[in-house]
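*Asks:* Let me begin by handing over the structure; questions about it come next.
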Amino acid sequence: MGLSKEEWRKASRSTVQNDNCVEVAGTPKIVAFRDSKDPDGPKLIISISDFQHFTNVLKRLYFDMLITPAES
């Protein structure tokens, strides 16, 4: 896959006390995710286009929640 140790990034809000972190790395064609507690373990690898679609769906869902009044 060609992802070096230096390419993996942890969330900026991640702290030493919080060991439940996901790390992300990427190339021009893929985005990869892994559990920071298990860097040699399995990785989720998706294409850039699938990742863009995923983030666009999340954004739409988030803004729909802001616009749509909650049912009481």
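None of the figures in this text is laboratory data; all of them are computed from the coordinates on show. Just so you know, these numbers come straight off a predicted model, no measurement behind them. So basically every Cβ, Gly included, is an ideal-geometry build from the backbone, and we count neighbours across all protein chains shown.
*Asks:* Taking the range 23-72, which residues are out of contact with any Ser or Thr (no Cβ under 7 Å at 6 or more places or on another chain), over 16 Å from residue 10 (Cα atoms) and among the charged types (D, E, K, R)?
*Replies:* 50, 59, 60, 64, 71
*Asks:* Looking at the range 28-68, which of the residues that are within 13 Å of the chain's Cα centre (by Cα), aliphatic (A, V, I, L, M) and over 16 Å from residue 4 (Cβ atoms) is surrounded by the most Cβ atoms within 10 Å (Cβ to Cβ)?
*Replies:* 46
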